[in-house]
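First comes the structure, then the notes that go with it.
Nothing in this text is a laboratory measurement; each read-out follows from the coordinates by a stated rule. Everything quoted here is computed from the prediction, not taken from an experiment. Every residue, glycine among them, receives a Cβ derived from its backbone with ideal geometry; neighbour counts consider all protein chains shown.
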Amino acid sequence: MEEEERSLESFLKWAAKLGISDSASKNRQSSSSCLDQTLCVSHFPGDGGRGLAAARDLRQGDLILRVPKSALFTSQSRLKDEALSLAVNNHPSLSSTQILSVCLLYEVGKGKRSCWYPYLIQLPRSYDILASFGQFETQALQVSDAVWAAEKAISKAEFDWKQAIALMKGLDLKHHLLTFRAWLWAAATISSRTLHVPWDDAGCLCPVGDLFNYAAPGEEALDSEDVFEFEESSSSGTGSNLKLKISSNEDTTTEQFLLEQTDANLLRLTDGSYEEDVFAYCFYARRNYKKGEQVLLSYGTFTNLELLEHYGFLLDRNPNDKAFIPLEPEIYSLCSWPKGSLYIHQEGKPSFALLSALRLWVTPLNQRRSVGHLIYSGSQLSAENEITVMEWLANNCQVILKNFSTSIEEDKLLLCTIDRMQNCGTPMDLETILSTVGGEARTFLETKGLTDGESRVKLFQSRQIWRCVDRWKLAVQWRLGYKTILANGISYCNKVISQFPSKHSQSIITTTHHSK
């Protein structure tokens, strides 16, 4: 811990020399730290880990951090290195993201000779983005769309690496920096930590600015494996957070759908941006903060699956999470809404587009043209139409839940078991836990070759295995969140049905289900 503190102090002093500052003064290069006036580094267990806290009371809109352009890690700045620039120019087919990943590994290869060394050693040594998932963790997601997203992310990472390997060999990178494992680390760093800049699609790495933890728009409160070793001798304008006010009427309107789509297209970073007039990245307080509170940053609007794919974490309470369910092909063909707009909100309510599409779909064919304008205005057509829609939606959510290999209750119990594994104090404690597990936990042990007491002692000592446990836990947490949305959807449909006179409604569907 003392070594980490010294490393952090050295980093903040290095950042101050580059002109990074949390004070109104544009130049604090003589300071021993770039922070202490407005922000300070703190730890928030269970809420993002290391992050930035308010060093004083802050008001919404206050400038809280300025990072000059010269302190941003970008392809543009790194390609001033003649050898690197010449090598990159020989590979014009590489994307901007691939080039920035190569630049990062090239800088890492310099070790302590790199002027970026104080920043590079602050970066995480591993990430839990979907591309880092193994086969077991991928299948543990259970939902076909999520499994496909993970497989696609892994495949793309491998493809990008194979495309860039010739460039990296041409730069004489050390062997361990040429591996897929190293590439995955670099690509994950770019995916999870870069901020938008107008001159490069890959974005920039922003020292100190990337210490902010994430807050979802619309919600105001909410030892690792080494990829590489640094060697002693190695040659290594504020954006507005749009808040949308929706009518409290039961029926949604086209306005709500448009607002949903506007929110989905917000810039990833809504609490800061690169400002040309001051040649710096400027960050602003997204709300009022009391001294000591964690200061959060909104990267933009993401579902939990998107957060997992690009950033390697998810939120217990994500107001932007949603569940997509399989629909009849005719439903897609009937409406002009994009497929991405047909979903169930976290609290169980169908999106405006999904509700409209289902209302139209259950309408007799010869009546659709005459009632289309009513549906697209958000109106209910009749009690029978609404009940049919809700029963269909609830039934489908129920079927999906029943088809999973584990239930909501079983997933909760499994998460408790994983927590116990992670929090055990000794190899003997771990052996006691593992000797009694069954089901998916037992399959995990078999997959990792941990079927006897001796091998389980190795688990207690293996950082790589514990990283797999962390990713497995994320997969279980994600699928539990997805199933909970479906259960909420059933409850919502039942509530709507119950509001109609009993002569219109039949039995109320329950959320109880059993695993196969």
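Taking all Cα pairs closer than 8 Å and separated by 6 or more residues, the relative contact order of the stretch 321-511 comes to 30 percent. With 5 Å bins beginning at zero, the pair-distance distribution over Cα atoms of the stretch 19-146 amounts to 2, 8, 12, 14, 14, 16, 14, 10, 8, 3, 1 %.
In this Cβ point-charge picture (+1 for Lys and Arg, -1 for Asp and Glu), the stretch 325-475 has a dipole of about 480 debye about its Cα centre. Sorting Thr426, Thr447, Thr194 from the fewest to the most surrounding beta carbons within 10 angstrom yields Thr426, Thr447, Thr194. Scanning residues 5 or more positions from Ser21 or on other chains, those with amide H under 5 Å from its amide H are Arg66, with H placed 1.01 Å from N in the peptide plane. Cα convex hull, the stretch 365-495: 146 Å³ per residue, rounded to a whole number. Lys69: which lysines have alpha carbons under 21 Å from its alpha carbon, excluding same-chain residues fewer than 8 sequence positions away? Result set, ordered by chain and number: Lys13, Lys17, Lys26, Lys80. Would you mind getting the Kirkwood hydrodynamic radius of the stretch 136-194 from its Cα pairs, rounded to one decimal in Å? Radius from the Kirkwood sum: 12.7 Å.
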